[in-house]
Structure formats: structure tokens, C-alpha cells
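The values are calculated or read from the model by the stated rules, or taken from the named source; none is laboratory data. Note that the structure is a prediction, hence the values are computed from the model and not measured. FYI the Cβ positions are ideal-geometry reconstructions off the backbone, even for glycines, and counts take in every protein chain you see. Ligands, DNA and RNA are stripped out before the accessible areas are found, and what is left, the full protein with its side chains, is counted by its heavy atoms. Shrake-Rupley method; radii C 1.70, N 1.55, O 1.52, S 1.80 Å.
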Amino acid sequence: MTRHPTLRTALLASAATLLLTTAAFAGEVEVLHWWTSGGEAKAAAALKSTMQAKGHTWKDFAVAGGGGDAAMTVLKSRVVSGNAPAAAQIKGPSLQEWAAEGVLANIDGVAQAGGWDSLLPKVVSDVMKYKGHYIAVPVNVHRVNWLWTNPEALKKAGAKVPTNWDEFFVAAEALKKAGLVPVAHGGQNWQDFTTFESVALGVGGAEFYRKALVQRDPATLGSATMERVLATFKRVKDYTDKNAAGRDWNLATAMVIRGEAGMQLMGDWAKGEFLAAGKVPGKDFVCAAAPGTANAFTFNIDSFAMFKVKGDDKVKAQNDLAAAIMSTEFQELFNLNKGSIPARLGMKMDKFDDCAKLSSKDFVDTAKSGGLVPSIAHGMAVPSAVEGAMKDVVSQFWNDAKMSPKDAMTRLVSAAKAK
Ligand code: BGC
């Protein structure tokens, strides 16, 4: 499964229709995103109200489905039929793929006026540019390698928050004995990979992660360390419940919120769910780095790509959207709800909770130490075709009791070469 496997062909074929964008009324900005869970919707509302306050009409184009696979499919068909939205939630190397098709707008004017080059960490601004020109704007930095726990559930089981994978399985076993679901998990391949990459980081370390999953070095993908990673990953499955298949990530988070489950490995959009449910960090739920990953940070940056639009009003609304996203007010309000931290540098963090403060500190520290790595599960590291192929292998391995780590490694090596 790739995000948009036939994108190039389809776009070429429809180059003519691309020009026939539908007319719409002044100042309208249509925005495609996949923020439909409780916490996500609150964050999206912040974007909507920011635009409405500027007098623009917000046309919501929400496509449900965590991780965004469904949204990307819908986006592709909209662009192919010559009816692109003004902005769409697109991330990482996919931004480059879309830009290469010539459908994205150059927003250097807004970026220069706002001084974005000095307001964004280079690791972020590089991703927002295509051939040196801004084509997208970042809203946040999510950390993916988190473990969320319910302290009541852990207490009931006599377990403590694990700091490495051995401790993780001790806690999981205790939770199981206490009659709870040890690990809340769902059923899409991006959820499997979210767990997988945290295990890879915790078992193998940042250097291994980079070599195996980002650079896709065949020897590292086939190494003894990778075998241990896969075996550890598969062991996690024993502590998930039978109904995980098909479950959405936020419903898994809800199990931790209610105390039915003890732990969840998920990025910090999960915190948005806890907060939207009125839960207090450090009291009702605990955030900790995924086992063995305290000195590392898997980043996932949400961003909006701007599509070429016609008409001065639409261009104005689009530019206003881009500028508003980079404002301190928006970056604060949005991220307080989303669970992430601002993408913009130098933001005051006093209104943020301890999880966000830790994330902010670790983002800076790991950038210096070499522990900052891009998330593969969330489209930050590899071309979308490769990402899809690797996710498929990892999920097949997760779901197939008979597949050995060695088989999975062989398949990963060929998936890593996907075109
Ligand atoms: C996005 C988040 C989103 C999550 C679940 C991730 O890929 O970056 O913004 O909340 O998927 O939908």
C-alpha cells in the first residue's frame, strides 16, 4: 500500500483538467486534514477560528482515519480531477513528491515577510521547502516515542512505569495478572509501525534506527539487532487484546483513559485525547519516553502544503492561512490542544504541561546529541512507496504467528528497495 502510487501518471493525464479549478466565493480557504478525534478536532477548531477571525470562510475538508492514509487517497483524487483544496495536511518526503508534480504554490513571499528561516529549526524548514522554496508551513512537532500509562491501573497491578523493554514485559505481565489489558493497541498498519519503531529505537538505539530504517542499509536490516527488535516487537502483541484488530488509535487511548488498559505506545496526539477527556497529566495519566528511548526523539511534523489556487481572494486567504499558522498565538493554542509542541522556535512554554516541556527539552537536546530521528510510521523519513511496503511487512509479521523474525528481515530488505 502506498500513499499515492500512481500519482505521477494520473496527474500527467489530467494536466488539462487541473487548470479548470472550480470557482468559489471570496476569501474561502478549503483545508484538508484528518483531525477528527476528540483532541484533534479541538486543535483543528483553533485553526478554523484563527481564519474566521481574519474574515475568511473556512471550508472544512476532514477525512477521518488516523495516520492520514484515507485523507491522502481522497486528496489524490481531488487533485487529479483538478479540484485541489487550498491547503492540505501533507508531511515529510511526500511534500517533495507533491511539489515535483508542480501542483504546489510557492509561498516564499509569506515566509520572507515572516522571517521563517530564523523562526524554524533547520530540520523543520528543510522539509517545508522544495528546491529552496517554501511550499508548506509547519504547525507542530509531535514526538512519537512515548508510552502512556494509567497510574491507577499500574497501582492495581503493583507495576511501575517501565524504562526499558525488560521492565516493560514485567509491567505487562503484572497488568495481565490483575485482569487488565496490558497494552492498548489498534488495528491499522501505521499503529503497528508506531510500536515497531519505538521498539527499534529502544532495543537498537538511534544509530541503529537511522542505519536500518532511514538509510535502509541491507546489512543492518538483516542484523542480529534487527532480529532482537522483531522478536521484542512480536512479544508486545501477546499483551494486546483480541479486539485490537480494526480499532482506531483513539479508542485504544480511551481504554487507558478508562483504566481498562494499563499502557499505550503512541505519539503525543494521544495526550490530546487525555486532555480532551479532562484528564490531568502526572495525576490521571503519565507520559514517559517509550522503554529505552529517553535519550532519543522520533519526530513527526504536521504541516500544510499550499496548492496552486486561482483568484486574488483565494490567494490572499491562503497566504493569510500560512502566516497565521506561524503566529505565536496559533502555535500556542493549537499545540496546547494537539498534544504536540510548537514548530516555531523561542516560544514561551509556561502554559504547557510537563509532557510538552520534556518534549521541548528533549527535541533540543537530541538534536545536539544525535538522538533526533524521523518517524517512518508518520511519513517523515522515506519515500511513500517504501514506507507503505515496509509497513505492510511489519504488519504481516505482527499478524502472522508463523512468520519468523528472519523471514520478516528478508522481506524488509526487499521492501526497503520499493519504487
Ligand atoms: C499525525 C497526527 C495525528 C495522528 C493520528 C499522525 O500521523 O501527524 O497529527 O493526530 O496521525 O491521526
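The table for this structure:
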| read-out | value |
| --- | --- |
| Looking only at region 57-76, and only at residues there that are of a type in the set (Val, Ile, Thr) and not in a helix (DSSP H, G or I), the one that is modelled with the highest pLDDT | Val63 |
| Which listed residue is modelled with pLDDT of 95 or more and within 16 Å of the ligand (Cβ to nearest atom), from Ala294, Ala252, Ala323 | Ala252 |
| Qualifying helices (runs of 4 or more DSSP H) (wholly inside region 230-329; at least 1 residues being polar (S, T, N, Q) and open to solvent by 10 Å² or more (accessible area, probe 1.4 Å)) | 249-258, 312-325 |
| In region 165-177, residue farthest from Phe233 (Cα to Cα) [restricted to those that are under 29 Å from the mean Cα position of the chain (by Cα) and open to solvent by less than 60 Å² (accessible area, probe 1.4 Å)] | Leu175 |
| Those residues of region 389-412 which are away from the ligand (no atom under 14 Å from the Cβ) and within 17 Å of the chain's Cα centre (by Cα), in sequence order | Met390 |
| Only listed residue being in contact with a strand residue (DSSP E or B) (Cβ under 8 Å, 6 or more places away or on another chain), in the same structural domain as Ala43 (by TED's automatic domain parsing) and away from the ligand (no atom under 15 Å from the Cβ), chosen from Lys314, Lys348, Lys357 | Lys314 |
| Residue check, Gln215 within 20 Å of Val393 (Cβ to Cβ) and free of Cβ contacts under 8 Å to residues at least 24 places away in the same chain | yes |
| Residue match in region 218-230 (condition: of a type in the set (D, E, K, R), closer than 20 Å to Trp398 by Cα and in contact (Cβ under 8 Å) with a residue 24 or more places away in the chain) | yes |
| Pairs where the first residue, in region 116-140, is more than 14 Å from Arg344 (Cα to Cα) and the second is among the basic types (Lys, Arg) and not in a loop (DSSP other than H, G, I, E, B), C-beta under 8 Å, 6+ apart | Ile135/Lys129 |
| Test set (1) touching a strand residue (DSSP E or B) at 6+ places or on another chain (Cβ under 8 Å); (2) part of a helix (DSSP H, G or I); (3) crowded, with 18+ Cβ neighbours inside 10 Å - Pro85 fails condition number | (2) |
| Residue within region 44-56 that is more than 16 Å from the ligand (Cβ to nearest atom), part of a helix (DSSP H, G or I) and in contact (Cβ under 8 Å) with a residue 24 or more places away in the chain present | yes |
| Residue count, region 331-378 (criterion: of a type outside the set (Ser, Thr, Tyr) and either more than 19 Å from the chain's Cα centre (by Cα) or open to solvent by 30 Å² or more (accessible area, probe 1.4 Å) (or both)) | 23 |
| Test: residue in region 99-111 that is among the acidic types (Asp, Glu), within 15 Å of the ligand (Cβ to nearest atom) and open to solvent by 20 Å² or more (accessible area, probe 1.4 Å) | no |
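To keep it simple, each residue is scored yes or no on (1) under 23 Å from the mean Cα position of the chain (by Cα); (2) within 16 Å of the ligand (Cβ to nearest atom); (3) aromatic (Phe, Trp, Tyr); (4) crowded, with 22+ Cβ neighbours inside 10 Å.
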| site | (1), (2), (3), (4) |
| --- | --- |
| Pro121 | yes, no, no, no |
| Val124 | yes, yes, no, no |
| Gly132 | no, no, no, no |
| Ile135 | yes, no, no, yes |
| Val139 | yes, yes, no, yes |
| Lys160 | no, no, no, no |
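Residues are listed down the side, and each one gets a yes or a no for (1) under 17 Å from the mean Cα position of the chain (by Cα); (2) of a type in the set (A, V, I, L, M, F, W, C); (3) assigned by TED's automatic domain parsing to the domain that holds Leu147:
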| position | (1), (2), (3) |
| --- | --- |
| His185 | yes, no, yes |
| Gly222 | no, no, yes |
| Met226 | no, yes, yes |
| Ala244 | no, yes, yes |
| Glu260 | no, no, yes |
